Every structure is written in structure tokens, then in C-alpha cells.
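Read the structure below first, then the notes.
The values are calculated or read from the model by the stated rules, or taken from the named source; none is laboratory data. Everything numeric here is computed off the predicted structure, so don't read it as measured data. Counting neighbours? That spans all protein chains shown, and the Cβs are built from the backbone with ideal geometry, glycine included. Each accessible area value is taken on the protein alone, full model and side chains, heavy atoms only, with ligands, DNA and RNA left out. Shrake-Rupley method; radii C 1.70, N 1.55, O 1.52, S 1.80 Å.
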Amino acid sequence: MDTLKAKIRHVPDFPKPGILFYDITTLLRDRDGFHGVVGALATPFKDDGIDLVVGIESRGFILGGAVADRLGAGFVPVRKPGKLPSKAVQESYALEYGTDSLEMHEDAIGNGQAVLIVDDVIATGGTAKATAALVRRLGGTVHALAFLIELEALKGRNQLTGERVISVLKY
Ligand code: AMP
């Protein structure tokens with residue numbers, strides 16, 4: 001795992017002062033790194049009958065799409081408001097200041113389909129919690145949530161009590 005960690009670039013003060021941004025583009029461009037993280041995210045669920053991987057905009061699309069293919073599952077995007085072309089359902093969540101929202105197509109998930117939610121980073125957990133709520137509203141079963149990076153100090157897992165959560169790299 002230290003080899004994977006070494007491929008992630010840390011960018012201080014992006015996108016605003018005080019934030020240490022975990023830039024995974026340096027990992028994604030590395031063929032062994034990319035293959036390794038997709039395996040680490042997919043392998044725990046390989047025999048679980050996952051129907052759909054739900055990926056969160058935007059780095060969750062890259063990882064989630066590859067994980068879906070590795071698992072033989074379909075892929076569904078979760079997007080920022082106004083981006084999806086067809087009828088969508090929306091869920092809002094709290095930010096440090098104000099709120100934000102996420103959307104999914106209302107017909108994106110079949111009743112009872114087993115869903116794996118994938119994103120690059122879990123920080124405060126608000127994004128992941130809102131995504132799990134959307135999946136359930138659409139009739140899906142949240143099988144688990146998988147993250148490449150977990151920022152443990154921000155305690156995002158506390159937003160996801162009762163869920164199965166895995167993270168590949170912990171900071
Ligand atoms: P949160 O809702 O606080 O758990 O934030 C998770 C979302 O914000 C994910 O989609 C991440 O891509 C992004 N994110 C939050 N903090 C960071 C960070 N330090 N570096 C990179 N991405 C981050």
C-alpha cells in the first residue's frame with residue numbers, strides 16, 4: 001500500500017487555503033498503480049453479486065467505471081445538479097458553509113439491485129451519505145461503500161453507521 005501512497009501527489013492549499021488535496025491523477029497515469037487500486041476496490045466484492053457500481057462525480061466515475069467492469073456490473077453516475085439529461089432525483093447535504101446537492105436519474109436503479117458506491121476520497125462523509133440515501137430512494141440495496149482514500153481525522157465513517165465501508169489507503 002505504501003507503493004500506492006507514493007504515487008499520490010499532495011497539493012497544499014487547493015482548492016482553497018488550508019486544504020491538503022490528494023491528487024490521484026499521478027496514480028491514475030501509472031499503469032501498475034491504476035490496475036492495483038481498481039483491484040483493491042473490487043476484489044473484496046468479487047463474489048457478492050454486485051449489480052451496479054454507483055460512482056460519484058467526478059473522480060468516482062474513473063474508479064467506479066473500472067471497478068464495475070472488473071466486477072461484471074453496470075455503472076451509474078451520481079452528478080452535480082443540472083447535469084443529468086433525463087428526470088432526476090436530488091438529495092442535499094451539509095457543507096462546512098451552506099449545502100450542496102447530488103442527483104441520479106430516477107430510473108437508474110432497479111428494485112432490490114445490489115449497489116456498490118465508489119469514490120476517490122471520504123472526508124467528512126456528507127457526499128457518501130447523500131449518495132447512499134439516493135440509492136435507497138430509488139429502491140436499491142446499498143451493499144457497501146468503497147473509497148480509495150480515507151481521511152480518518154474527519155470521521156466520515158460516523159456518517160455511515162450500519163453500512164459496510166472499506167478504504168484502501170488511510171491517512
Ligand atoms: P466529503 O463529503 O467531505 O466526504 O468529501 C468527499 C468528496 O470531496 C469526494 O468526492 C472527494 O473527491 C472530495 N474531497 C474532499 N476532500 C478532499 C481532499 N482533501 N482531496 C481530494 N478530494 C477531496
Test of understanding: among THR26, THR99, which residue is within 16 Å of the ligand (Cβ to nearest atom), among the β-branched types (Val, Ile, Thr) and within 25 Å of GLY139 (Cα to Cα)? THR99
Verdict on LEU116 being outside any helix (DSSP H, G or I) and under 10 Å from the mean Cα position of the chain (by Cα): yes
Search segment 127-145 for residues being within 10 Å of the ligand (Cβ to nearest atom) and not basic (Lys, Arg), and hand back the single one that is most open to solvent (accessible area, probe 1.4 Å). THR127
Could you check segment 15-29 and list, in sequence order, the residues that are over 23 Å from GLY64 (Cβ atoms) and either touching a strand residue (DSSP E or B) at 6+ places or on another chain (Cβ under 6 Å) or open to solvent by less than 60 Å² (accessible area, probe 1.4 Å) (or both)? LEU20
Any hit, segment 146-162, residues being surrounded by fewer than 21 Cβ atoms within 10 Å (Cβ to Cβ), at pLDDT 95 or above and away from the ligand (no atom under 16 Å from the Cβ): yes
Which residue is least open to solvent (accessible area, probe 1.4 Å), if the candidates are limited to segment 113-126 and must be out of contact with any strand residue (DSSP E or B) (no Cβ under 6 Å at 6 or more places or on another chain) and not aliphatic (A, V, I, L, M)? GLY125
Conditions (1) open to solvent by 10 Å² or more (accessible area, probe 1.4 Å); (2) closer than 22 Å to LEU116 by Cα; (3) not in a loop (DSSP other than H, G, I, E, B) -> THR3 fails only (2)
